[in-house]
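**Student:** Handing you a structure now.
Taken together, the values in this text are just the output of simple stated rules run on the coordinates, not laboratory data. All of these numbers come straight from a predicted model, not from anything done at the bench. Every residue, glycine among them, receives a Cβ derived from its backbone with ideal geometry; neighbour counts consider all protein chains shown.
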Amino acid sequence: MASYLRMIFLFGLLVPFVAMAGWNPEAKESAEKQDKENIGVAEVIANFKNSDPGMQVFFDKAQGYAIFPTVGKGAIGIGGAFGRGEVYEQENLVGKATLTQVTVGFQLGGQAYSEIIFFKDKAAIDRFKKGRFELGAQVSAVAVTAGVSADAAYNNGVAIFTITKGGLMYEAAVGGQKFSYTPIGQVKKESKPAPVEDKSN
């Protein structure tokens, strides 16, 4: 009986620690603080900043950025990646973007991650906004962990960061990614079908 009560007591002590296992007491950013209409984008920005507070410097000083909340990647053999995102210049939403990538070679399982591309100056973001932006095969991204942004630098006007969303992923290879861009004023909205004219009379 005494051992049984002791087990119950220990279990009672353990439960709060298990419940708090996913809690990060240093997470100071939230989606609500990011001032973005797209909650998915806001959540990812908060995630980047909480993973490495030094990321704030890039948000403050960059001319703009393209952010892709979810980039999905294929499996073993010939695979690919796809993602939809938004483009901000001086923190104003200026357009939508799509990311595509075809890869050949060994990949491990389905992968999902978030990606953000910072543009150092207007020349860099203008290149992206031409709609045919592509990352060379040798381009790499910085996987975000605490403090990693301190050593990150722009390469040809861009700095790329990724963070894992889930699944098995050992590396988010970004070489060969291609991007299309649509200015916000040209984003197609779902239109209603035109009324059919009644010619019976």
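**Student:** To make sure I understand, if each residue's beta carbon is the centre and we count other beta carbons within 10 Å, what order do Asp121, Asp151 fall in, fewest to most?
**Tutor:** Asp151, Asp121
**Student:** Here is a further query. With each pseudo-label sitting 7 Å past Cα toward Cβ, what's the Thr98-Ser180 distance in nm, one decimal?
**Tutor:** With each label placed 7 Å out from Cα toward Cβ, I get 0.4 nm.
**Student:** List every residue whose amide H lies under 5 Å from the amide H of Lys165, counting only residues 5 or more places away in sequence or on a different chain, with H placed 1.01 Å from N in the peptide plane.
**Tutor:** HN-HN under 5 Å from Lys165: Ala112, Tyr113, Ser114.
**Student:** Roughly what would the spin-label model give for Arg84 and Arg127, points 7 Å off Cα along C-beta, in nm?
**Tutor:** 2.8 nm
**Student:** Under 5 Å between amide H atoms, partner at least 5 residues away or on a different chain: which partners does Ala141 have, H built in plane at 1.01 Å?
**Tutor:** So Ala141 has HN proximity to Val174.
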